[in-house]
Amino acid sequence: MIEFKDIAKIYPGNQVAVEDVNLTFEEGEFICFIGTSGSGKTTCMRMINRMNEPSKGQILINGQDIQSMNPVELRRKIGYVIQQIGLLPHMTIYENVVMVPRLLKWNEEKMRATAEDLIQRVDLPLSYLDKYPSELSGGQQQRIGVIRALAADQKIILMDEPFGALDPITRDSLQKLIKRLQKELGKTIVFVSHDMDEALTLADKIVIMDKGHVIQFDSPENILKNPKSKYVRDLIGEEKINEAKTSFNTVETIMLKNPVSINQDKTTYEAIKLMREKRVDTLFITDQDQKLVGVVGMFDLSKMGRQVKPVREIMVKPEYIHRETKIKDAVRAIWQLDIRNMPVVDDENKLVGIVTRASVVDTIYTNLWGEEEDSQDNPEGEDHA
């Protein structure tokens, strides 16, 4: 737990950077500070590891005042990722990753195992540990910057606009990566951003700041549904506020039930026959317990010619979403993956429905324009059914 108690940062000449900040972050939360330039967001984050010292108030980590801690030891317990990445060019990737564990006097076996585990978690090959930073792309270097912050098993990770200099595709990929790692490893991440889309995508809680003051601190859903001021509304944008009317509903409200599926032990011939009967070009593959295990398309089957095999031999790993997934996240996944149909599973990974691109479009259309267009097309309220 991280607590800000009556925190202020005042520079010489009575220049107030931050004032009256009172916040509590729970363990395992993803917190995003956002605001315009000079709002105090970075100042607040950097006070957590005492790179900025507060002028007033207290910051507590698990109940302990950080002013009572040695600042160097404190920083070694807190991961830190910056936009410039900061990899040392004369060191290998492995040496960069284990910098803090080495300072903490970990043995070589533990450091190597940690580095190998982490680099695989960010989808890079083990051989990259022996490369130098200049041999990696900007996105790959940023992945190394992320795992370096995780290498000493710090519970708190600070991230200062880490993806701001990257291209949109790389940035989106890294956003998904850091959110996945945060959930898998149970880290508390404090993230600074100037991008509201990024904050809404990543954060469990958002701190909106202006002129050194906290304007609103809440979940993305509550901020979208109940912006506290005109400043917050302007920062979010009216379009996102309108979308929030339905986007935070779960996909259960729009999914189609009983999607066409076939057991993994059925043959390719039976799969083609079922596709023809149901007039679909994709089949979801399940096991004996109706758990989703794969997907197969008409083109995959057509490549088989007259060969007959169990569908499990040609199915591919499916992309899917949970029934508790918010519509906004389903929209994002469908567009990013460029697919038309997204299967929906329950807590036991059983196939329970499907979200189609068409159903998502209908939802967005109805939410944003449906009522307005209905009233324009039918001003008298007449029923033309």
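The values are calculated or read from the model by the stated rules, or taken from the named source; none is laboratory data. Since we're looking at a predicted model, the values are computed, not measured. Heads up, the Cβs are rebuilt from the backbone with ideal geometry, glycines too, and the neighbour counts pull from every protein chain shown.
Observations, loosely collected:
- Test: residue in the stretch 79-98 that is within 25 Å of Phe30 (Cβ to Cβ), part of a helix (DSSP H, G or I) and modelled with pLDDT under 85: no
- Any pair with Cβ under 6 angstrom, 6 or more apart, that starts in the stretch 163-187 at a residue that is without any contact (Cβ under 8 Å) to a residue 60 or more places away in the chain and ends at one that is assigned to a loop (DSSP other than H, G, I, E, B) and not aliphatic (A, V, I, L, M): Arg171/Phe163; Leu174/Phe163
- For the stretch 62-86, taking the residues that are of a type in the set (A, V, I, L, M, F, W, C) and within 28 Å of the chain's Cα centre (by Cα), the one that is surrounded by the most Cβ atoms within 10 Å (Cβ to Cβ) is identified as Val81.
- The set of residues in the stretch 108-146 being at pLDDT below 90 and part of a loop (DSSP other than H, G, I, E, B) consists of Val122, Asp123, Leu124, Pro125, Leu136, Ser137.
- With respect to the conditions (1) surrounded by fewer than 21 Cβ atoms within 10 Å (Cβ to Cβ); (2) out of contact with any helix residue (DSSP H, G or I) (no Cβ under 9 Å at 6 or more places or on another chain); (3) modelled with pLDDT of 90 or more, Phe25 falls short on a single one, namely (1).
- Checked across the stretch 213-224, the condition of being crowded, with 18+ Cβ neighbours inside 10 Å, under 30 Å from Ile61 (Cα atoms) and aromatic (Phe, Trp, Tyr) holds for at least one residue.
- Scanning the stretch 238-255 for residues that are under 13 Å from Met196 (Cα atoms) and loosely packed, with under 13 Cβ neighbours inside 10 Å, we see that the one that is modelled with the lowest pLDDT is Glu239.
- Filtering the stretch 157-216 to residues that are at positive phi and in contact with a Gly (Cβ under 9 Å, 6 or more places away or on another chain) leaves Gly186, Lys211, Gly212.
- Residues that are under 20 Å from Ile178 (Cβ atoms), of a type in the set (Ser, Thr, Tyr) and exposed (fewer than 12 other Cβ atoms within 10 Å of the Cβ), drawn from the stretch 87-137: Ser137
- For the stretch 304-344, the set of residues classified as in contact with a Pro (Cβ under 7 Å, 6 or more places away or on another chain) and crowded, with 19+ Cβ neighbours inside 10 Å consists of Pro343 only.
- Within the stretch 1-75, strands (runs of 3 or more DSSP E) holding 2 or more residues that are of a type in the set (Lys, Arg): 2-11
- Residue in the stretch 256-265 that is modelled with pLDDT of 90 or more and of a type in the set (Gly, Ala, Ser) present: yes
- Residue match in the stretch 143-153 (condition: under 26 Å from Glu198 (Cβ atoms) and within 15 Å of the chain's Cα centre (by Cα)): yes
- Every test in (1) in contact with a helix residue (DSSP H, G or I) (Cβ under 9 Å, 6 or more places away or on another chain); (2) under 30 Å from Gly294 (Cβ atoms); (3) of a type outside the set (Asp, Glu); (4) buried (at least 18 other Cβ atoms within 10 Å of the Cβ) is passed by Pro227 save one, and that test is (2).
- Selection within the stretch 41-71 - touching a strand residue (DSSP E or B) at 6+ places or on another chain (Cβ under 8 Å), free of Cβ contacts under 8 Å to residues at least 24 places away in the same chain and within 19 Å of Glu26 (Cβ to Cβ): Asp65, Ile66
- Of all residues in the stretch 180-195 being part of a helix (DSSP H, G or I) and surrounded by fewer than 17 Cβ atoms within 10 Å (Cβ to Cβ), the one that is modelled with the highest pLDDT: Lys183
- Residues of the stretch 273-303 classified as surrounded by 17 or more Cβ atoms within 10 Å (Cβ to Cβ), free of Cβ contacts under 8 Å to residues at least 60 places away in the same chain and among the hydrophobic types (A, V, I, L, M, F, W, C), total: 8
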